[in-house]
1. Give me the pairs: first residue in the stretch 1-21 and closer than 16 Å to Asn48 by Cβ and part of a loop (DSSP other than H, G, I, E, B), second residue of a type in the set (Lys, Arg) and open to solvent by 60 Å² or more (accessible area, probe 1.4 Å), beta-carbon distance under 9 Å, and six or more apart or on different chains, which are they?
2. Considering Leu32, Leu74, which residue is closer than 29 Å to Val146 by Cβ, buried (at least 18 other Cβ atoms within 10 Å of the Cβ) and not β-branched (Val, Ile, Thr)?
3. Select from the stretch 81-117 the residues that are part of a helix (DSSP H, G or I) and among the hydroxyl-bearing types (Ser, Thr, Tyr) and write down the one among them that is least open to solvent (accessible area, probe 1.4 Å).
4. Restricting to the stretch 118-170, and then to whatever is free of Cβ contacts under 8 Å to residues at least 40 places away in the same chain, open to solvent by 80 Å² or more (accessible area, probe 1.4 Å) and among the acidic types (Asp, Glu), can you tell me which residue is nearest to Ala69 (Cα to Cα)?
5. For the stretch 53-63, what are the residues that are outside any strand (DSSP E or B) and surrounded by 16 or more Cβ atoms within 10 Å (Cβ to Cβ)?
6. For the stretch 67-76, does any single residue satisfy the condition of being aromatic (Phe, Trp, Tyr), part of a loop (DSSP other than H, G, I, E, B) and at pLDDT below 95?
7. Would you point out which residue out of Asp7, Asp2, Asp22 is more than 19 Å from Asp96 (Cα to Cα), open to solvent by 60 Å² or more (accessible area, probe 1.4 Å) and touching a Lys or Arg at 6+ places or on another chain (Cβ under 9 Å)?
8. Testing Ala136 on (1) aliphatic (A, V, I, L, M); (2) assigned to a loop (DSSP other than H, G, I, E, B); (3) touching a strand residue (DSSP E or B) at 6+ places or on another chain (Cβ under 9 Å), one condition comes back false. Which one is that?
Amino acid sequence: KDLHHADVGSNTVIEQTSAVIDGKMSGYAYELKKSNKLSPAVFIAVHNNGGTNRHAIWGYIHEGDKFEADNRDLAARLIKAVSSVTDLQNMGVLFDSSTGRNDYRCLATGKKAFYSLDENVNTSPYRVLLEIGDNAISKAFLEDPVNQKKMGEAIKHELVAWLSEKGYKF
């Protein structure tokens, strides 16, 4: 009740991300504010696509980010891990500016961006967004707890391996 677009919206649209409407912040802004308070080293957004009609997984990274190469590596490893334990097609890693449906722009680069990957909004050094499945044709797959567990375990395992290689201790 204290947010707008709290459980719907697009990560690429100003109104649904950075806009304040009737004095209320968006659901996306609220989530990023909460995440930034935790100061995570890695931020992984897990979304599902709408309108692609593809039972697939995509990784997105922020174009022009100083950690772009690391984020590309992490995203590639995560989507490979998930696609290897499911029947989701690996669609590779793309820049957040590549979707063509954005009106949200990064303050630093001026390029179209995903709100949650923008370094001016999200303070995590490593930031990736996974688009898993299509909200229509992958609905049953996405709602299946067995598939959710497999994907979560694959993400966790690959993230731990990646962080260990980066020198993080657990």
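1. That search, which allows pairs on different chains as well, returns Ser10/Arg101; Thr12/Arg101; Thr12/Lys112.
2. Leu74
3. Ser116
4. Glu165
5. Answer for the stretch 53-63, where residues must be outside any strand (DSSP E or B) and surrounded by 16 or more Cβ atoms within 10 Å (Cβ to Cβ): Arg54, His55, His62, Glu63.
6. There is no residue in the stretch 67-76 that is aromatic (Phe, Trp, Tyr), part of a loop (DSSP other than H, G, I, E, B) and at pLDDT below 95.
7. Result of the check over Asp7, Asp2, Asp22: Asp2.
8. Among (1) aliphatic (A, V, I, L, M); (2) assigned to a loop (DSSP other than H, G, I, E, B); (3) touching a strand residue (DSSP E or B) at 6+ places or on another chain (Cβ under 9 Å), Ala136 violates only (3).
The values are calculated or read from the model by the stated rules, or taken from the named source; none is laboratory data. None of these values were measured; they are calculated from a predicted model. Cβ coordinates were reconstructed from backbone atoms using ideal geometry, including for glycine residues, and neighbour counts include every protein chain displayed. Surface accessibility is based on the protein's heavy atoms, side chains included, excluding ligands, DNA and RNA. Shrake-Rupley method; radii C 1.70, N 1.55, O 1.52, S 1.80 Å.
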